[in-house]
Amino acid sequence: MYERMAAAHIVPELLYTIWLVIYYILEAVVLSLIPNRMKARKDISDEVVLITGGGHGIGRSLAVRFARLRCRVIILDNNQEWLDEAQRIIASEGADVYAYLCDVSNRQNVYECARLIQNDVGEVSILVNNAGIVCSKYFMDLPDESITDVFRTNTFAHFWTLKAFLPSMMDRNHGHIITIASVVGKGAGCAASGYISSKFAAVGLHEALEMELRMLRRTGIHMTLVCPGLVSTGLFEGAEYKFPRLVPVLDADKLAEDVVDTVLRNGHLVITPFMAELGVRVKSLLPVKACNAVMDFAGATTMLNTFRGRQTTTTAIS
């Protein structure tokens, strides 16, 4: 009898879920047919935006674009020269900009910096977890300390900044979290297992937190996951695609423009360039051996053979 009663509840719920799935698929199809320039955008003027790794590369490009939207911009970086230059560039846009020297891989450093920010500026409403480092070596050649360094910056730092700034967003049910991950966080490559696994972890944290906030009914906090391919910031200097015309290296300014536009539309995901997005989609459909053949042909296993990386220790993002 209990089983019949349980089935009586499950069937209507299943039918309702099927209806929702069909509805949201149709909604997604319709929205995909509407040009982005015609979609509504939210006003983020006077919002407080914090960007880790904001002194260079994607972080600085994002800061400039948020500044042009009249946001108050906070940048964190572990390189004072980059901070000073970025602060000057962002201030030239007429925005209020605050720069803090901070090693986001250090939990206490993040929490101390957060207290300063709350006293100096106020509550952060848009958090961009962008800082990252890379170590490209085959697994057995990867030093233990490099593994922990990469995870501290690329993954653990996200936990510390979220712990510091998410509570006020939850209290107000208002905010936006942007995770700058990598396309390899959606589909692995070769010769950078530490970096790749740290990006998988960052993607996992982002998706788990998004589900958690939805279940807690904090729907006023939006989340955007960004998974770019190679970006011309110098972090992956020397790495190259097998077919560069088909899969171009991304320009940091153009990527930042796309990310901010997605944020303004409360979009959930940015995967770019197109062929990288296609590869991620195809991976989930093909058998493993077929996927391996495609990856080998595309050069995913050899693109880091010429990797040199940036010649100084930095906190920037691919």
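Observations, loosely collected:
- For region 49-56, backbone phi angles converted through the Karplus equation (6.51, -1.76, 1.60; θ = phi - 60°) give residue-by-residue couplings of 10, 10, 10, 7, x, x, x, 7 Hz, Gly and Pro being listed as x.
- Helix-only mean residue ellipticity at 222 nm for the chain, each DSSP H run of n ≥ 4 adding -39500 (n - 2.57), per residue, nearest 500: -15500 deg cm²/dmol
- Once the trypsin sites (Lys or Arg not before Pro) in DSSP loops with at most 14 neighbouring Cβ atoms within 10 Å are cut out of the chain, the longest remaining piece is 43-216.
- The Rg/Rh ratio of the chain, with both radii computed over alpha carbons and Rh defined as the Kirkwood radius, is 1.00.
- Straight Cα distances below 19 angstrom link K199 to the aspartates and glutamates D103, D144, E145, D149, E207, E210, E237, E277, with same-chain residues fewer than 8 positions distant left out.
- For D251 and D296, a Förster radius of 25 Å and the Cβ-Cβ distance give a FRET efficiency of 0.35, rounded to the nearest 0.05.
- Only lysines eight or more places from K39 in sequence, or on another chain, were considered; those with a Cα closer than 23 Å are K254.
- Cβ-derived FRET efficiency at R0 45 Å, E81 paired with V21, nearest 0.05: 0.30
- For region 79-89, Karplus couplings with θ = phi - 60° (6.51, -1.76, 1.60), whole Hz, Gly/Pro x: 10, 5, 4, 5, 4, 4, 5, 5, 4, 5, 5
- Taking amide H as placed 1.01 Å from N in the peptide plane, the amide H of L269 sits under 5 Å from that of L225, each at least 5 places away or on another chain.
- Efficiency of FRET between D120 and K39 - r from beta-carbon atoms, R0 30 angstrom, step 0.05: 0.30
We did not get these values from a lab; they are worked out from the coordinates using the rules stated. Quick caveat: nothing in here was measured; it's all calculated off a predicted structure. Cβ sites come from the backbone with ideal geometry, for glycine too, and all protein chains shown count toward neighbours.
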